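The values are calculated or read from the model by the stated rules, or taken from the named source; none is laboratory data. Bear in mind that the values here come from a model prediction, so they are computed numbers and not experimental data. Glycine gets a Cβ as well: all are built from the backbone with ideal geometry, and neighbour counts include every protein chain shown.
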Amino acid sequence: MSTLITVKETLWSDLDVEATLDAPIGPLTWYETGGRAEALISPKSLKALQLLCQRCDESGIPVRVLGSGANLLVADEGVDGVIIRFNQPAFQEILWNDLDNGNPTRIGAGVDLMGIVQESARRGLSGLSQLAGIPATIGGAVRMNAGGSYGDTAQSIHSIELMTMSGKLCTLTAADLDFGYRHCALPAGIVIAAHCNLRATDPVALRAHVKEVFEYKKRTQPMGDRSAGCMFKNPIDPSTGKRESAGKLIDLAGMKGKSSGGAFVSEKHGNFIGIRDGGSANDVLALAFDVQQQVFDHSGIQLEREVVVWSQGGAFK
C-alpha cells in the first residue's frame, strides 16, 4: 500500500470532492468482481481535480481513472492509490457543435458513450454511430481508441483536452495522438473532454445505421455475459503481416467453452471471457493466461491482452 491513508487529509479534505476510503471498486466494473481501492474520489470541479492531481504527483501517489468499468479487471487484492471517477456534472457536459461555423462538439470525459451515440443519432448528427453498443465513457474510448467492425473512436476526434498528472491543462489534436488499432499515443495524464466532428445528416438513415451496428454486436457477441468485452487484441500474424481474429485463433486452439474456476471462454465468441456468480478476478486471469499459452502453442502467435488489469503497485494506466 502507498502512504495515502496517512496523508489523506492534506490531499482532499479542503477540496470539493466526494471521497470513500477502502472503496469496493471491483463491483463497479462489468465483471462485478475484484478488490478494493485505497480511495475512490469524485471531483466536483476541474479545479478540485487539478489540485488533487498536483498533490498526488508531489506525494508519489498513483492516480487512475475509473470510467464505465468496461475493459477493466480489478485484481482480487485490490489497488493502491487514488481512483478518480467522473460521475459529477462538471465532467459530463455536452456542448453540441454550432453547425453554422463547424465547431466540433465538446463531450466531457465522463459522458456515457452508448448514451451519446443514441442522442447524436436522434439529433441527426453523424460521427459516432460506428460505436453503437460499445460500453465506455468518452474518456475511456479515447484512451484505447475503442471500436469494432464498423469503425473506431479516432474517426470522430478533432482534438482532446488533457490534464497532465501534475495538473497542467493542454490540448492535443487527433494527429498528435497517432491513433491506430486499439492504440492512442496519449501522454501520461487524464482525458478531460473530447472534441468530436459531428455533421448533420438524415436522422432516419442514421438511426437505422445505429440499429444495424447494435444488432450486429448482439448477434455475434455474448452481450448478456458478465465480461469486459474482447479479452485480447486481434494480433498481427508474423508469417503474413496481416491482422488475424483473436477469437478465431482461440477457437482453433480448442479453447471455446473452456473454464477455470468461475471463469469461462464464451461459446458464442472465443475472445470473450465471462464470469459466473462466485467467480473471482484471479479465475479470469488464470483462464486468460491459459488461453494465451494454448494459442501460442497452436499457432505460434502471442496474444496481447486488451482488457486492462489494475493491481497493487501499478502506475497510471
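Quick rundown of the values:
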quantity: Complete set of residues in the stretch 117-130 that are in contact with a strand residue (DSSP E or B) (Cβ under 9 Å, 6 or more places away or on another chain) and either on the phi > 0 side of the Ramachandran plot or surrounded by fewer than 23 Cβ atoms within 10 Å (Cβ to Cβ) (or both); calculated: E119, R123, G124, S126, G127, Q130
quantity: Search result, residues across the stretch 75-98 that are among the acidic types (D, E) and closer than 22 Å to S59 by Cα; calculated: D80
quantity: Scope the stretch 111-154; condition more than 21 Å from G69 (Cα to Cα) and under 17 Å from the mean Cα position of the chain (by Cα); matching residues; calculated: G151
quantity: Positions within the stretch 209-225 being within 11 Å of K268 (Cβ to Cβ) and either aliphatic (A, V, I, L, M) or surrounded by fewer than 13 Cβ atoms within 10 Å (Cβ to Cβ) (or both), in sequence order; calculated: K218, R219, M223, G224
quantity: In the stretch 79-95, the residues that are more than 19 Å from R143 (Cβ to Cβ) and at pLDDT below 95; calculated: D80
quantity: Hey, H195 assigned to a helix (DSSP H, G or I), touching a residue at least 40 places away in the same chain (Cβ under 8 Å) and not aromatic (F, W, Y) or not; calculated: no
quantity: From the options Y150, Y181, residue that is hydroxyl-bearing (S, T, Y), within 23 Å of E212 (Cβ to Cβ) and exposed (fewer than 14 other Cβ atoms within 10 Å of the Cβ); calculated: Y181
quantity: Residue count, the stretch 154-173 (criterion: among the small types (G, A, S), at pLDDT 95 or above and surrounded by fewer than 19 Cβ atoms within 10 Å (Cβ to Cβ)); calculated: 0
quantity: The stretch 191-210, residues that are over 17 Å from the mean Cα position of the chain (by Cα) and within 22 Å of S68 (Cα to Cα); calculated: H195, C196, V210
quantity: Count of residues meeting criterion [modelled with pLDDT of 95 or more and in a loop (DSSP other than H, G, I, E, B)] in the stretch 229-243; calculated: 4
